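Data block below; observations after.
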Amino acid sequence: MATPLPFVADCTLSGSDAHAYLAPLFLGTAGENSAAFERALLGLVREHVRWRRGFHPDDPPSITAADQNEPGFAAAMQRMEDGLRDLSVRLQRSAPMFSPRYVGHMASDLLLPGLLAHLATTLYNPNNVSAETAPVTAAMEIEVGQQLARMCGFNTDPAHGPAAYGHLTSGGTVANYEALWLHRAVRFWPLALADAVGSDEQIAELLARAIGNGSQTSWRLVNLDLPAILDLHANVEAALDKRADGPKLRAQIAAARFERLGIAHFAARHDLAPPVVICPRTAHYSWPKAMQLLGLGDAQLWYADVDAHMRISPASVGLLLERAFREEIPVLAVVGVLGTTEFGTIDPVHELVALRDACAPRGQAFAVHVDAAWGGYLATLFRDADGKQVPRARVGERFEYFPSTHVYRAFTSLGRADSVTVDPHKLGYLPFGAGAFVGRDRRMTRFVGQRPVYIYDKADRASGEDRLAQLGDYILEGSKSGAAAAAVHVSHQVLPLDCEHFGRVCGHTIRAAERLFDRLQEMSRRLAGSCRVAMPVEPDTNLVCIAVNPVGNESLARMNSFGRALFRHFTIDPDRPQACEFIGSHTSLLRQNLAPVAARKLARRLGFDPNSFVTAVHDIADEADHVFLLRHTLMNPWLTDDGEGRAFVDRYCDFLERSIARTLEGDW
Ligand SMILES: Cc1ncc(COP(=O)(O)O)c(C=O)c1O
């Protein structure tokens, strides 16, 4: 195993130390590390060819010298070259996400080890759907799942209680789908059990033990807490294993399950209201998609209010839970977001798990899923090399403001959630196609098994780690690239998931955001005579949004029009990429997501008429239901230091100031 990069003594990691640490890890803005990259890639390609040759070296060549001398051969090669040249020309119109001038969406230069691993593994083309089609990379996937689970704070050692698991997905969206798919399967299973075989004496006893005294109503069965369901399932399985009629009873249970009957039959049979999922108004749009896809209906996605920091309001979640309890509506999950897509804000995971624990005694159970697609890797800042939690003060030594008590508590409570989404292809700096789902208890996988006979031998009843390697058995996707697993694996090998390694890479994103925050405050004071510059949401992490309003303008619609005109300076034209100095992104702060007090406060800070900020627009010229914002994702490794001691964040602010001046002069 490669030795992780050394830990430089200065844990504040400012200036040149930080730069030196990051320098070998990326290709570099102008391909500064291209020699090492090319050398490594060529070596990997040659190794691959050697590997091919070593497999039955006596086999006759499939392509002979005579084939290669055919005129058609050269013509075909030429067509390939033309095609690739054409591709390369087209690709040069891509968004330059490698550059520190790119502060738009969640993308940046990639970690070299992961990029090389990805490219090299594609040559072998493993399919991680099963260990048979990916004997190497499927095991890597299970291992990185364990690493991510530990990063979240979950136990992964079966000797110490329920052990977590994790696996890769194509992205955060699919991991979120999977979360609901799994939590639904688990939550509804006791109903199927009671329905199908509840009259069996032994099963009835196990059910009674899980539920306690009283009748086995649908409401009670659907509100068993997660550990109780997983224990019940394990006990039932163990009992069935020993019984001659076990296979028959298993078939009966399967026939009564939600997954077999579908929502209409299942709900009618159990006289159940359609289940709901609770998430914040800031949730990513994959959540309504998940509800649609799973046939739950996005009307059953209940949005909890967010506070002025754009964090989910536990009080609002509490009210929604009250309503669900009163009306006997099952809650599949409460979703918290660790790093919201638009603002990078951190939901109070500690309060969500506390709510879950507080609701259990009254007989209301639900899972807490944390969508940490964006912020997940920041958890490395809070864990040392031994896996222990780093005290807040020590985390804070590297930063000016981070982490607030709130942020610290949220991250250090992640291990109390039931499942987590985290994306290596975001703050893990890896090529796209690498999201991940992590579950606190690997027994959850037993509720969704599919074992196609052409992949899994019917006689094979693998258990434990071996079973986990049969990914296709329990994940949502089918064929999947082993290259993603290799990329994550190598990158975690080079940069273990702790504050001294991966945390240093993530740490610079926070420092960049803090620097931008400070510069924007200064700019706001400097420009007070011509316009108001404000951050409507104080950053929790590494995303910063701003709104700008010319002094004297009281119309929100006009202010938004100014914002859109300003944003044109941050939009790249693929035909003239050099004409754009910085590439940004935008979002809108919706009035419906703000409490009236927060909306009025924002209007006052930006100087527009609060009455023009409305939830429904009535075609009145000055009205708007949103505030247009410039959004900055600060993840590029060279934002605080360009190698010559200048910060791109500062250059960005200069450009922003000039762009504001130009926009003010123009027609908006
Ligand atoms: C919080 C959050 N969840 C989920 C996703 C979806 O992830 P992906 O785009 O990888 O599917 C995103 C993407 O930005 C996100 O920010």
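Observations, loosely collected:
- Highest mean first, the peptides 73-83, 517-527 sorted by other C-beta atoms within 10 Å per residue fall in the order 517-527, 73-83.
- Gyration tensor (alpha-carbon) shape descriptor, the chain, a/c threshold 1.5: oblate
- Here the stretch 134-268 is assigned +1 on the Cβ of each Lys and Arg and -1 on the Cβ of each Asp and Glu. Its dipole about the Cα centre then comes out at about 260 debye.
- Given charges at beta-carbon only (K, R positive; D, E negative), |dipole| of the chain in Debye: 720
- Considering only beta bridges that DSSP places wholly inside the chain, some 60 percent are antiparallel.
- Surface calculation, 1.4 Å probe, protein heavy atoms: Arg269 sits at approximately 140 Å² accessible.
- For the stretch 80-153: relative contact order, % (alpha-carbon pairs under 8 angstrom, 6 or more apart): 12
- Selection from Val544, Leu556, Met523 lying farthest towards where the dipole of the stretch 503-558 points positive, charges on Cβ: Met523
- The count of lysine pairs in the chain with alpha-carbon distances below 25 Å, taking only pairs 8 or more places apart or on different chains, stands at 7.
- Here is the list for the stretch 129-160: GluC sites (Glu not before Pro) lying in DSSP coil, each with at most 15 other C-beta atoms within 10 angstrom of its C-beta, are Glu132.
- Solvent-accessible heavy-atom area per residue, rounded to whole Å², over the chain at 1.4 Å: 44
- Normalised by the number of residues in the chain, the mean separation of alpha-carbon contacts (under 8 Å, six or more apart) gives a relative contact order of 20 percent.
- Comparing Ala204, Ser34, Thr633 along the charge dipole axis of the chain, the residue lying farthest to the positive side is Ala204, per the Cβ-charge model.
- Loop chymotrypsin sites (Phe, Trp or Tyr not before Pro), the stretch 283-362, which have at most 16 other Cβ atoms in a 10 Å radius of their Cβ (DSSP): Tyr285
- Ligands, DNA and RNA left out, the 1.4 Å accessible surface of the chain is 53% carbon and sulfur atoms.
- At full extension, Met97 and Thr587 could sit 174.5 nm farther apart than now, given 0.36 nm per residue minus the alpha carbon distance.
The values are calculated or read from the model by the stated rules, or taken from the named source; none is laboratory data. Please read these numbers as outputs of a predicted model, since none were measured by experiment. Cβ atoms come from the backbone with ideal geometry, glycine included; neighbour counts cover every protein chain shown. Heads up: the accessible areas ignore ligands, DNA and RNA and are worked out on the full protein's heavy atoms, side chains in. Shrake-Rupley method; radii C 1.70, N 1.55, O 1.52, S 1.80 Å.
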